[in-house]
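Accompanying notes for the structure given below.
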Amino acid sequence: MVKHSSRIELNQAAYKGNINFIRKKIGEIPILSSVVKANAYGHGIEVFVPMAEKCGINHFCVASSFEAEQVLSVCKPDSRILIMGIIYEEDLGWAISNGIAFFVYNFNRLSKVLEAAKKVDKKAKVHLEVETGANRTGMHAKEFPKALTYLKQHQDNLVFEGLCTHFGGAESISNQFKIDQQHKKYKAFLKICKERKFLPEIRHIACSAAALAMADTVYDMVRIGVAQYGFWPSPDIYYAHLHQTNKKSDTTMKRIFTWKTDIMDIRTVDQGEFIGYGTAFQATQEMQIAVIPLGYSNGYPRALSNRGQVLIHGKKAPIVGLINMNLFMVDITHIKEALVGDEVVLIGRQKNNVINVSSFTNATQLLNNEMLSRLPSAIPRSVLK
Ligand SMILES: *Cc1c(COP(=O)(O)O)cnc(C)c1O
């Protein structure tokens, strides 16, 4: 097979470290579900999921039936999949027959689920998602009692597997009031279940931020996205953790992701010459320039034109000129040892230097999650053991 213009390596040992860290936070009992929506936050579902399984993960949350199918194609037969978002009516039967659980966030959906479950002759695993204040998806309180009745009536075909909600902004202390309100409302839904002696198997509300900083939000399962990839959800959550553990710093969580390419060509540019398109960069002296074989079409943000840096031989090489569709140029005048074919680190560590996703996103105004999740799925991913 011919080579792609860049590659992403995942560090399994670092991932295991992150999982151990999160596990310590949440305790032994709760299920640690790995959220792998958006191609595992850009890490690549097909490589990431088997790696996560090797580190003891056997539950995966996705945003769509399309992603569920991707997980299903690579996961172990006994791993569990939960769809938190879109699943088209015509795909309900597919999900149910494959044992895939899913959120149900309005009452009308239940009869469709029942119909599909009967058709494929298998029990549907329903997670009722309830509205607690995010006003995104979630069943309103007024529909909830009849939904419970419906589930109870049709227990031969429907399993009340989960009761869940999602916090709108748990990573920010300034949202704490809203988050507390959401948690209170969730408890009110739980109380109704208790009164009816009809309880979900799995109660789950915590995302990374909640699981790491708000111990009381950890029920039977947590849905961990960004933290497992080694990112603190926000400075607020990091400082809350330091405060709770009486530490000055904590570097246990590690990024697991390195994005690499190679020098495609090296050339000398005379003083006064312009580099690449337009007049964005003019050489102030004679310069050595390395050509990098990828651009904005490969997920490298154009906003890093004249601003970003890459690592070559562990040294920072600044981008000169505009990021093109498939190419960009960096200044290597100070990296005499650089040769065509040498490794270039776009994100991650090389020798004693590092380019963080955050240094990337500071310049581009992208969210970390946004930057990662936009990395094209065509970039090959591999696991570094
Ligand atoms: C994305 C998502 C999560 C995970 O969020 P992180 O902050 O990345 O941990 C959990 N639950 C739902 C419903 C989500 O959409």
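With respect to the conditions (1) in contact with a Pro (Cβ under 6 Å, 6 or more places away or on another chain); (2) closer than 30 Å to residue 3 by Cβ; (3) not charged (D, E, K, R), residue 276 falls short on a single one, namely (1).
Candidates 18, 11, 39: the one that is open to solvent by less than 10 Å² (accessible area, probe 1.4 Å), polar (S, T, N, Q) and in contact (Cβ under 8 Å) with a residue 40 or more places away in the chain is 18.
Inspect the range 90-99 for any residue being surrounded by fewer than 23 Cβ atoms within 10 Å (Cβ to Cβ), within 16 Å of the ligand (Cβ to nearest atom) and under 22 Å from residue 52 (Cβ atoms) and give the result as yes or no. The answer is no; no qualifying residue exists. Going through (1) basic (Lys, Arg); (2) within 16 Å of the ligand (Cβ to nearest atom); (3) in a loop (DSSP other than H, G, I, E, B) one by one, residue 178 falls short only on (3). Against the numbered list (1) more than 16 Å from the ligand (Cβ to nearest atom); (2) farther than 16 Å from residue 303 by Cβ; (3) of a type outside the set (Asp, Glu), residue 369 comes up short only at (1). In the range 180-196, the residues that are open to solvent by 90 Å² or more (accessible area, probe 1.4 Å) reach residues that are outside any helix (DSSP H, G or I) and polar (S, T, N, Q) with C-beta atoms within less than 7 angstrom, at least six apart or across chains, in these pairs: 185/132. Taking first residues from the range 47-62 that are outside any helix (DSSP H, G or I) and partners that are open to solvent by 10 Å² or more (accessible area, probe 1.4 Å) and polar (S, T, N, Q), the Cβ contacts under 9 Å between residues at least 6 apart in sequence or on separate chains come to 55/12; 55/20; 57/79; 58/79; 59/79; 60/79; 62/70. Selection of the range 115-142 for residues being open to solvent by 10 Å² or more (accessible area, probe 1.4 Å) and in a helix (DSSP H, G or I) yields 115, 116, 118, 119, 120. For the range 327-346, the criterion of being without any contact (Cβ under 8 Å) to a residue 60 or more places away in the chain, within 27 Å of residue 46 (Cα to Cα) and not polar (S, T, N, Q) is met by none of the residues.
Filter the range 197-223 down to the residues that are open to solvent by 10 Å² or more (accessible area, probe 1.4 Å) and assigned to a helix (DSSP H, G or I), then identify the one that is nearest to the ligand (Cβ to nearest atom). This residue is 213.
So that you can scan it fast, the table gives a plain yes or no per residue for (1) open to solvent by 20 Å² or more (accessible area, probe 1.4 Å); (2) assigned by TED's automatic domain parsing to the domain that holds residue 345; (3) in contact (Cβ under 8 Å) with a residue 24 or more places away in the chain; (4) closer than 28 Å to residue 368 by Cβ:
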site	(1), (2), (3), (4)
280	yes, yes, yes, yes
285	yes, yes, yes, no
292	no, yes, yes, yes
309	yes, yes, yes, yes
315	yes, yes, yes, yes
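Would it be correct to say that residue 248 is of a type in the set (Lys, Arg) and either surrounded by 14 or more Cβ atoms within 10 Å (Cβ to Cβ) or in a helix (DSSP H, G or I) (or both)? Judged against the criteria, residue 248 is not a match.
The values are calculated or read from the model by the stated rules, or taken from the named source; none is laboratory data. Given the structure is predicted, the values throughout are model-derived calculations rather than measurements. As a convention, Cβ positions derive from the backbone with ideal geometry for all residues, glycine included, and neighbour counts pool all protein chains shown. Please note that ligands, DNA and RNA were not included when accessible areas were found on the heavy atoms of the full protein model with its side chains. Shrake-Rupley method; radii C 1.70, N 1.55, O 1.52, S 1.80 Å.
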